Amino acid sequence: MQQALAPTDYASSVVAVPPIALNADYSVNTGANEAIIKHIEAGGVNILLYGGNANLYHFGLDDYRAAMEAIKASAAPTTHLITSVGNDFGKAMAQVPIVRDLGFRNVMVLPTNFPADPAGVAHGVRKLAAAFGSGLILYLKRENYVEPDELAKLIAEKAVRFVKYAVEKPDAADDPYLDAVLSAIGAEHVASGMGETPIHDHLAKRKLTTYTSGAVCIAPAAASELLALYKADRAAEAFELSMPFLHFEKVRLTLGGLQVLHDGLRLSGVADTGPLMPMVSNLPADRLAPVREAVEALKTAEEQAISRTLENRKRGVSV
């Protein structure tokens, strides 16, 4: 039985954000999704979030149920699963009975860009939490999506349990909205939600609880080591280890975040992810070279991290 995650649970693991593997006819590829999950779990990551990278925006209700059934059946009992609903209010309300029926206790509300306003988002989240019967994870993707004071009320009311913060800034260190959010609800309720790009600031300086990552699906042991180094205040070592992750994120920024991760996981050999659910397309063959290069660098980082972990175990030391 899945349990609702507490801030201390988030603090113990990177949050993997995997794609969903599909067959050629867009049905859920159960075996491939299981292979992805087992690979992530083997690297020491025990929180999986299915949302944007899974392209759930474009799943119909039947496809959504099939995907979540396959995910739930494939995960280890000790793995915490987070699913997502929305991104529009009507679709989210239609999905709530599905996630309740399947026993999910951790649910994120995908962000709505238009039409939406801060007061309307807060009202919608309260309605969704009441229908779900428990607090939700709120995905902050743009400036003032919810006002910080209102967010504090949502936390106090237990309509929101946790926040994924992913407002992109040219300089992660210069982010008044994040500062206001942290002042209102505390860093223990917030995960950095944009992969590895801002974590040198978000983890080392602002001390957010954890971070979400797509690249962790390829290099879970290296990502786990990266989080542990930041938690141990070994920021310089962590930044050095993050180099292949940062390069992968640059490729994603250039060619498309969902597309690069989906096809990159296939190129890594973990599993054949198949097509993306329309209306997002797979990368053409002539654009895969930089993805393949970035994936190989992640695989090398993963091999080195596994080797260090084994050596540390022999010596009886932690990261």
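Before we move on, is Val121 more than 24 Å from Ala16 (Cα to Cα), touching a Ser or Thr at 6+ places or on another chain (Cβ under 8 Å), of a type outside the set (Phe, Trp, Tyr) and in a helix (DSSP H, G or I)? Judged against the criteria, Val121 is a match. Taking only the range 54-63 into account, find how many residues are surrounded by fewer than 24 Cβ atoms within 10 Å (Cβ to Cβ) and either among the β-branched types (Val, Ile, Thr) or within 22 Å of Val260 (Cα to Cα) (or both). Total satisfying the criteria: 4.
Could you tell me which of the residues Ala116, Ala73 is surrounded by fewer than 23 Cβ atoms within 10 Å (Cβ to Cβ), modelled with pLDDT of 95 or more, over 22 Å from Arg161 (Cβ atoms) and over 16 Å from the mean Cα position of the chain (by Cα)? Of Ala116, Ala73, the one residue that is surrounded by fewer than 23 Cβ atoms within 10 Å (Cβ to Cβ), modelled with pLDDT of 95 or more, over 22 Å from Arg161 (Cβ atoms) and over 16 Å from the mean Cα position of the chain (by Cα) is Ala73. In the range 17-53, which residue that is in contact with a Gly (Cβ under 8 Å, 6 or more places away or on another chain) and of a type in the set (A, V, I, L, M) is surrounded by the fewest Cβ atoms within 10 Å (Cβ to Cβ)? Looking at the filtered set, the residue picked out is Ala24.
Tyr177 satisfies every condition listed in (1) among the aromatic types (Phe, Trp, Tyr); (2) over 20 Å from Ala122 (Cβ atoms); (3) out of contact with any strand residue (DSSP E or B) (no Cβ under 6 Å at 6 or more places or on another chain) except (2).
Of the helices (runs of 4 or more DSSP H) entirely within the range 9-117, those holding at least 1 residues that are within 17 Å of Gly214 (Cβ to Cβ) occupy 30-42, 61-74. Scanning the range 64-105 for residues that are within 19 Å of Ala32 (Cα to Cα) and basic (Lys, Arg) turns up Arg65, Lys72.
Determine, yes or no, whether Gly133 is loosely packed, with under 15 Cβ neighbours inside 10 Å, more than 18 Å from the chain's Cα centre (by Cα) and either at pLDDT below 95 or of a type outside the set (D, E, K, R) (or both).
yes
Restricting attention to the range 267-317 and to residues that are in contact with a Pro (Cβ under 8 Å, 6 or more places away or on another chain) and in a helix (DSSP H, G or I), the residue that is surrounded by the fewest Cβ atoms within 10 Å (Cβ to Cβ) turns out to be Thr300.
The values are calculated or read from the model by the stated rules, or taken from the named source; none is laboratory data. Just so it is clear, the model here is predicted, and its values are computed rather than measured. Every residue, glycine as well, gets a Cβ built from its backbone with ideal geometry; the counts of neighbours run over all protein chains shown.
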